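Asks: One structure coming up, written as structure tokens, with questions to follow.
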Amino acid sequence: MKRMIKGHTSSWIPLTLALLALSGCGDNGSDGSPGEPGPPTPPPAQEVTELNASLEQWGVTEQGRLTLSFFVTNQDGEGVIGLQSATLLAAQLLPAGATGAGNSTEWRFLGSETCQPSANCPGEWVDNANGAYRYTSAFTVNDREEVSYSAELPVRLVLKLGGDTLPGDTRVLSVINESVDFQPDGGAPAFTRHLVATDSCESCHSDLGTVFHRGNYTETNTCVVCHSANRISNPDNIFYSLAHRVHAQSGLAQFSNCESCHNSPDPSEPLANVDNWVLNPSAQACGACHTNIDFVAGQGHPAQSDNSNCAACHNPDWTRDTHLMVDKEAALARFKAEVTSITPDLAAGSVTVVVSLSDPVSGTPLDSPEQLPYLNDLRLYANWGTSFDYSTRSAPSLRLTQITPEAVVADGQYRYTLTGLTVPPGSEMDEGGAVAIQGRVCRSGDALSPCDTATALTQPIASRTQFFTVGNGMARRDVVSNETCGSCHGDQQLNFHGSRNDLSQQCQLCHNANMTADASAPAPVAASSANFSHMIHAIHTAQREGYEELVYPAPVSDCRQCHIQSQMGDSFALPLADGIPPLSLNDGSIITATAATCSVCHSGATAQKHMEQNGAAFNYVPIPGDLGTPLETCAVCHGPGSQYDIAVLHGLVGGQ
């Protein structure tokens, strides 16, 4: 359970406090009147598959020790008894300007410790044997010489539970982090620092706890407590510098859009300080990305020794517009290219396409592509065979900026014919094809400009893929979407081969089953294929040549990070769609379709043997006259709802 505790108490009151309320004494020493009954205590947990904690009371004792009462329940709301460890961390929040003119608020580490009640516990641990616990730290808020504690400044307490087992149980408890910000002298925190929500990180990382520190720390509220200036010896690893530097080095296309991270995942509960990045620019935060600048020496930027003048030039509007690329979006909004009609002539191996060009802002039609001075490139691609992943890996193309249209169908609508479509015999009926359009425009600032303008920048437009069918043919199956890819790469912000960015369907027009793998490549052989499914799995698992250093930001077992879900279920569900061909190797052999995909990750000899025992074939050489490739039976055990449903085996909640 991931939530910020904002109150001082919640619905569960530790049993010890309830007993104290019921046992008050009169002024003369006699028993007082009976108190109100406390809230019901939940039954003890019989099984724990999920760990939840609510923070009940917190504070700083007169001796400067931190005290925290909390209640722990399982997935059914039953009290979890007998926890074997807990970690407490604390930090104090300094106000803006406290560490220098122009500086934002900053966390300062106060201390941390782990209590293992049955082994080593530095503080005072109380287990009330009903799910209620209390811990008082051994360290005090005055122990750190680098920070001067003040009861007038906010304090954050973080509780980490899980990662171990309960007595008599071998199952490892899930790790949870809960935190609370409070004002030691009473009342609500005077100010806050909530810049990035964990949910924002997990749009790409899936599970933040898997990124570092062996899964012990699962929330951004925890990260900033330790990655603070008085806790980290290397300034580059203070959280704001670390996060910016690592993500800038990742090469992800959307990183320049600061709101990819600095956003409010739940608009009904906006993050308190989500705009801090535009309100408080600093050399430390900005320099983590703009590494070519030396602010002190004045290299690449006017010299400045501190942050006192940053906001004078980099005002919020300018900072936001620059990083959100408002000018780029304004220019792109003035050009739209779409395919409005597709007419195939399968006998001739051609397809006639009508392309519509318009300015969506003014609603006016545009001249033909070769006449637009700001159009750097516009081209069409086509392929045939949506049910069997296309007939050729070299989709015929047409560059519209270099030719005159065959006809002007209407204002802003132009007709072209692509030739060279490969139509295998027998596929003329009940089949489908695809046409993709891609291009680049030139802009200066927020306006489209001639490409020979000295200040002109080229900008890819959003590619689109459109299907056409014959008879009962269908569009190609949906496996991934631009939205799922965009959770890390930005929606259609990752461009290949110039301006191809429709990752959901366009890439497959060429990167399809006609690509062969290198039979002599080390295992997994399928990783050497440029077929989209094998190539993408290999890239994200750092097994493809040129991507060996790639670090995938989420568990690779989380298939849903990329694959879509629909009413039909998960797009990775078995069996694979009918018609998907096996993987071809350059020695004439094949690997059956399911095994080719699964073996990219499950590449060991034991896994291969298991696949072969269930119908898969590796390096199989088809014999003339064969009725077909070997029949894989993987779905019998690994299909949706089966005993070994692959969604469940990959740790995905709910199966398929």
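Asks: In deg cm²/dmol and to the nearest 500, what is the mean residue ellipticity at 222 nm of the chain if only DSSP H runs of at least 4 residues count, each as -39500 (n - 2.57), divided by the residue total?
Replies: When only DSSP H runs of four or more count, the value is -4000 deg cm²/dmol.
Asks: Just to check I understand the Karplus step: with θ = phi - 60° and J = 6.51 cos²θ - 1.76 cosθ + 1.60, what whole-Hz values come out for the stretch 607-620, glycine and proline as x?
Replies: 5, 5, 5, 4, 5, 5, 5, 10, x, 6, 9, 10, 6, 7
Asks: Under a Cβ-only charge scheme (Lys and Arg +1, Asp and Glu -1), can you give me the dipole magnitude of the chain about the Cα centre, in debye to the nearest 20?
Replies: It works out to roughly 900 debye.
Asks: Hey, what did the stretch 417-510 get for relative contact order, percent, Cα under 8 Å, at least 6 apart?
Replies: Reported relative contact order: 28 percent.
Asks: Could the peptides 637-644, 168-175, 510-517 be put in order, highest first, of the mean number of other beta-carbon atoms found within 10 Å of their residues?
Replies: 510-517, 637-644, 168-175
Asks: If you don't mind, another one. Please list the non-local residues whose amide H lies under 5 Å from the amide H of Gly59, H modeled 1.01 Å from N, same-chain partners needing a gap of 5 or more.
Replies: Here the answer is Thr67, since their amide H atoms fall under 5 Å of that of Gly59.
Asks: Among (i) 1.04; (ii) 0.96; (iii) 1.21, which one is Rg/Rh (Cα atoms, Kirkwood Rh) computed from these coordinates?
Replies: Identified label for the calculated read-out: (i).
Asks: Pairs of Cα atoms under 8 Å, at least six residues apart: use those to get the relative contact order of the chain, whole percent.
Replies: Computed over the chain, the figure is 8 percent.
Asks: Would you mind checking the tilt of helix 239-250 against the longest principal axis of the Cα atoms of the chain, expressed as 0 to 90 degrees and rounded to 10?
Replies: 20 degrees
Asks: Given a Förster distance of 22 Å, report the FRET efficiency between Met429 and Ser341 from their Cβ-Cβ distance, rounded to the nearest 0.05.
Replies: My answer for the efficiency is 0.55.
Asks: What figure, in Å² to the nearest 10, do you get for the accessible area of Leu583 with a 1.4 Å probe and non-protein molecules left out?
Replies: Using a 1.4 Å probe on the heavy atoms, I get roughly 0 Å².
Asks: I've got another one for you. Count the DSSP beta bridges whose two residues both fall in the chain, then state the antiparallel fraction as a percent rounded to the nearest 5.
Replies: Rounded to the nearest five, the antiparallel share is 95 percent.
Asks: While we're here: At a Förster distance of 41 Å, what's the computed FRET efficiency of Glu152 paired with Asn315, Cβ-Cβ distance as r, to 0.05?
Replies: So the FRET efficiency works out to roughly 0.85.
Asks: If each residue of separation counts as 0.36 nm, what is the full-extension length gain between His213 and Thr114 once their alpha-carbon separation is subtracted?
Replies: 34.1 nm
Asks: Where in the stretch 329-373 does the label zone of Ser444 land, with the point 7 angstrom along Cα→C-beta and an amide N cut-off under 18 Å?
Replies: Correct set: 329-332, 334, 372-373.
Asks: Enumerate the amide H contacts of Asn376 below 5 Å, restricted to partners 5 or more residues apart or on another chain; note that Pro and chain-start residues carry no placed amide H.
Replies: Arg440, Val441, Cys442
Asks: Ok, one more. Does the stretch 452-546 come out rounded, prolate or oblate, given a ≥ b ≥ c as the square roots of the eigenvalues of its C-alpha gyration tensor, rounded meaning a/c under 1.5 and, failing that, prolate meaning a/b above b/c?
Replies: Oblate.
Asks: Placing +1 on the Cβ of each Lys and Arg and -1 on the Cβ of each Asp and Glu in the chain, which of Ser520, Ala45, Gln643 has its Cα farthest towards the positive end of the resulting dipole?
Replies: Ser520
Asks: Still on this structure, I have one more. Give the calculated FRET efficiency between Asp587 and Arg477 to the nearest 0.05, with a Förster radius of 30 Å applied to their Cβ-Cβ distance.
Replies: In this case the efficiency is close to 0.55.
Asks: Defining a contact as two alpha carbons under 8 Å apart and six or more residues distant in sequence, what relative contact order in percent does the stretch 495-536 show?
Replies: Computed over the stretch 495-536, the figure is 30 percent.
The values are calculated or read from the model by the stated rules, or taken from the named source; none is laboratory data. If you're wondering where the values come from, they're calculated on a predicted model, not measured in any experiment. As a convention, Cβ positions derive from the backbone with ideal geometry for all residues, glycine included, and neighbour counts pool all protein chains shown. Accessible surface areas use protein heavy atoms only, side chains included; no ligands, DNA or RNA. Shrake-Rupley method; radii C 1.70, N 1.55, O 1.52, S 1.80 Å.
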